[in-house]
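K.L.:
Have a look at this one before I ask anything.
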Amino acid sequence: MRRIAKQTGSFFVEPEAKIALVVRIRGINGVSAKVKTILRLLRLRQLHNATFVKLNGAMINLLRYVEPYITYGTPSLKTVRDLVYKRGFAKINGNRITISENSIIEKHLGKYGIVCIEDIIHELYTCGPNFKYVNRFLWPFKLGGPRGGFVKKRIHFTEGGDAGNREHYINKLVKKMI
């Protein structure tokens, strides 16, 4: 696309991201009920939990509201694959179960055409039509604290801290947390 635009003398604009990886980086002692509700909605109940969300207008507004307590950005395919393979668990009947066999996936997501872990990764990364079902099937990712620690959790990423939108730099942070 970029090459075609250059040949024809027009401009190429990168498409906006469809998904975001959201990681909770702060606790919620002394926080308003609305922030607690939004974090619960995002399934970020514990420190260093991570989930995928579909980026649309409403979700961006929710993320902005809880920005001091989370960091988020657009993950690469490698990051999505690492998270699902290394920290991915299935939520089956309210229980956290290891995704050890493709038969588990086929049993619960087969009706949506998803039969293996690679199908889950593809659906998450491309934000396909069954993103909602796949995301609900996965337990929120439990990550460890980043090796070397955070820089400044209370300050926004653009000001040299860790909170807020970090775009593609989320990959570097998650790599330190896996």
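Read-outs: derived from the displayed coordinates by stated rules, not from any lab. As the structure is a prediction and not an experimental result, all values here were calculated from the model. Backbone-built Cβ (ideal geometry, glycine too); neighbour counts: all protein chains shown.
K.L.:
As a check on your grasp of the helix formula, calculate [θ] at 222 nm for the chain: sum -39500 (n - 2.57) over DSSP H runs of n ≥ 4, divide by the residue count, round to the nearest 500.
P.N.:
-10500 deg cm²/dmol
K.L.:
Also, I was wondering about something else. For 86, 91, which order do you get if you count the other beta carbons within 10 Å of each Cβ and list the fewest first?
P.N.:
86, 91
K.L.:
Distance between Cα centroids, region 1-58 to region 130-178: provide it in whole Å.
P.N.:
Going from one Cα centre to the other spans 10 Å.
K.L.:
Would you mind checking 18/172; 54/172; 132/152 for any pair whose Cα atoms are more than 30 angstrom apart?
P.N.:
Table pairs above 30 Å Cα-Cα are 132/152.
K.L.:
When the chain is modelled as a GNM with alpha-carbon springs shorter than 10 Å, which of 49, 93, 165 fluctuates the most?
P.N.:
93
K.L.:
How far apart, in nm, are the 7 Å Cα→Cβ label points at residue 5 and residue 96?
P.N.:
4.2
K.L.:
Once phi is turned into θ = phi - 60°, what whole-Hz ³J(HN,Hα) does the Karplus curve with 6.51, -1.76 and 1.60 give for every residue of region 124-134, x standing for Gly and Pro?
P.N.:
So the Karplus estimates, Gly and Pro as x, are 5, 5, 8, 6, x, x, 9, 4, 4, 6, 5 Hz.
K.L.:
Using R₀ = 22 Å, calculate the FRET efficiency as 1/(1 + (r/R₀)^6) where r is the Cβ-Cβ separation of residue 56 and residue 168; round to 0.05.
P.N.:
Using R0 = 22 Å, I get an efficiency of 0.65.
K.L.:
If you stretched the chain out fully between residue 118 and residue 37, how much longer would it get, using 0.36 nm times the residue separation minus the C-alpha to C-alpha distance?
P.N.:
That works out to 25.9 nm of additional length.
K.L.:
Something else now. For region 23-150, go through all pairs of different Cα atoms, get the mean of 1/r, take its inverse, and jot down that Kirkwood value in Å.
P.N.:
Result for region 23-150, one decimal place: 15.5 Å.
K.L.:
Using only alpha carbon pairs under 8 Å that are at least six residues apart, calculate the relative contact order of the chain and give it in whole percent.
P.N.:
26
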